[in-house]
Amino acid sequence: MSNKVKLAGIPFPGRPEWVIPPLSLGSLELLQDRIGKLSLGGTDPESIRTIVDATHMALVRNYPDVPRDQVAAEIDLGNMMDVIAAVMDVAGVRRKELEAGEVEKKAAATSP
């Protein structure tokens, strides 16, 4: 799997070498009904399947060869909410907040 990132996004919780870009509109169209029924934090089979499928569809945009089962293995109850928030960061709001925080940290580190 290539580590070269094509699209900006949010680092995968616990696996920062993966960058999760927002879903494409095509993927959102395919998953729209399922996402609308998604029970955030839910552990029912359909919610889990939707979270894994949406995360896989997003990651494939940067890593075309990543298998779905590997994505499924990386999502757990501890990071599930952060992962789906990253996937659904349609406007890039969370990514921009994270980037702004990095800029602020660097500026503080270089200030006299």
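Among the residues making up region 16-34, a single one is loosely packed, with under 12 Cβ neighbours inside 10 Å and either closer than 18 Å to Gly78 by Cβ or touching a residue at least 60 places away in the same chain (Cβ under 8 Å) (or both): Pro16. Among the conditions (1) under 29 Å from Ala100 (Cβ atoms); (2) crowded, with 18+ Cβ neighbours inside 10 Å, the only one that Leu40 does not satisfy is (2). Starting from region 53-70, keep only residues that are at negative phi and part of a helix (DSSP H, G or I), then list their pairs with residues that are of a type in the set (S, T, N, Q) and at pLDDT below 95 whose Cβ atoms are within a distance under 7 Å, requiring at least 6 positions of separation or different chains. Pairs found: Met57/Ser27. When residues of region 4-15 are filtered for being without any contact (Cβ under 8 Å) to a residue 60 or more places away in the chain and more than 15 Å from Asp82 (Cα to Cα), how many remain? Residues in region 4-15 being without any contact (Cβ under 8 Å) to a residue 60 or more places away in the chain and more than 15 Å from Asp82 (Cα to Cα): 4 in total. Within region 35-50, residues that are closer than 18 Å to Asp69 by Cα reach partners that are outside any loop (DSSP other than H, G, I, E, B) with beta carbons closer than 6 Å, at six or more positions or on different chains, in the pairs Thr50/Arg34.
If I filter region 71-112 down to residues being at pLDDT below 85 and assigned to a loop (DSSP other than H, G, I, E, B), which single residue comes out as farthest from Leu23 (Cα to Cα)?
Within region 71-112, the subset at pLDDT below 85 is 88-112.
Next cut, assigned to a loop (DSSP other than H, G, I, E, B) only: 88-92, 111-112.
On the way: Met88: 7, Asp89: 8, Val90: 7, Ala91: 10, Gly92: 11, Ser111: 38, Pro112: 41 Å.
It comes out as Pro112.
The values are calculated or read from the model by the stated rules, or taken from the named source; none is laboratory data. Bear in mind the structure is a predicted one, so any value in this text is a computation, not a measurement. Note that each Cβ is placed from the backbone with ideal geometry, even for glycine, and that neighbours are counted across all protein chains shown.
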